[in-house]
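The values are calculated or read from the model by the stated rules, or taken from the named source; none is laboratory data. All values derive from a computational prediction rather than experimental measurement. All Cβ positions, even for glycine, are placed from backbone atoms using ideal geometry, and neighbour counts span all protein chains on display. Accessible surface is based on the protein model in full, side chains and every heavy atom, while ligands, DNA and RNA are left aside. Shrake-Rupley method; radii C 1.70, N 1.55, O 1.52, S 1.80 Å.
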Amino acid sequence: MRTILNIIWLIFAGLWLALGYFLAGIVCCVLIITIPFGIAAFRIGAYALWPFGKTVVRRGDAGVMSAIGNVIWFFVAGLWLAIGHVVTGIALCVTIIGIPLGLANFKLIPVSLVPLGREIVSTDDPRAFA
């Protein structure tokens, strides 16, 4: 079932959302100081491309620098990526078949706003339940 949902997701939402994350990652990697943001954007872009069967967990070793980085990320790219998730989620929820995909879009909003200090793990990973 995960594979079917991921394929449908890829066609209707995943590809263009992942392209948005990859574009944000490239822009962030242009400047040396924002390379950590670019790496986070690439990581979340891969998650946005194929999200079913994965989840986001908080890293225990994330500290103050992650919080400061998340504030900067919010203004640089997070707000715009979250708006993309909201628009896509609403458009997908218009149809009955698209409702699970729309809900998955809404699930991606928190990680698009504050990606630093988060880790993407498989739903089979024990950390997914912690």
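How many residues are in a helix (DSSP H, G or I) and either surrounded by 14 or more Cβ atoms within 10 Å (Cβ to Cβ) or within 17 Å of the chain's Cα centre (by Cα) (or both) when one looks only at the range 85-101?
11
Within the range 102-130, residues that are closer than 19 Å to ALA77 by Cβ and outside any helix (DSSP H, G or I) reach partners that are among the aliphatic types (A, V, I, L, M) and open to solvent by 30 Å² or more (accessible area, probe 1.4 Å) with beta carbons closer than 6 Å, at six or more positions or on different chains, in the pairs GLY117/ALA62; ARG118/VAL56; ILE120/VAL56. Listed by first and then second residue, the pairs linking a residue in the range 1-26 that is closer than 17 Å to ALA91 by Cα to a residue that is open to solvent by 40 Å² or more (accessible area, probe 1.4 Å) and not in a helix (DSSP H, G or I), with Cβ atoms under 6 Å apart and 6 or more places separating them unless they lie on different chains, are LEU5/PHE52. Could you tell me whether any residue of the range 55-67 is touching a Leu at 6+ places or on another chain (Cβ under 6 Å) and open to solvent by less than 50 Å² (accessible area, probe 1.4 Å)? The answer is yes, given that some residue of the range 55-67 is touching a Leu at 6+ places or on another chain (Cβ under 6 Å) and open to solvent by less than 50 Å² (accessible area, probe 1.4 Å).
Listed here are the residues, each with its yes/no results for (1) farther than 16 Å from HIS85 by Cα; (2) open to solvent by less than 30 Å² (accessible area, probe 1.4 Å).
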residue	(1), (2)
GLY14	no, yes
ALA24	no, yes
THR34	yes, yes
ILE44	no, yes
TYR47	no, yes
PHE52	no, no
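Annotation note: Cβ proximity below 7 Å between a residue of the range 52-63 that is at positive phi and a residue that is among the β-branched types (Val, Ile, Thr) (sequence gap 6+ or interchain) occurs for GLY53/THR123.
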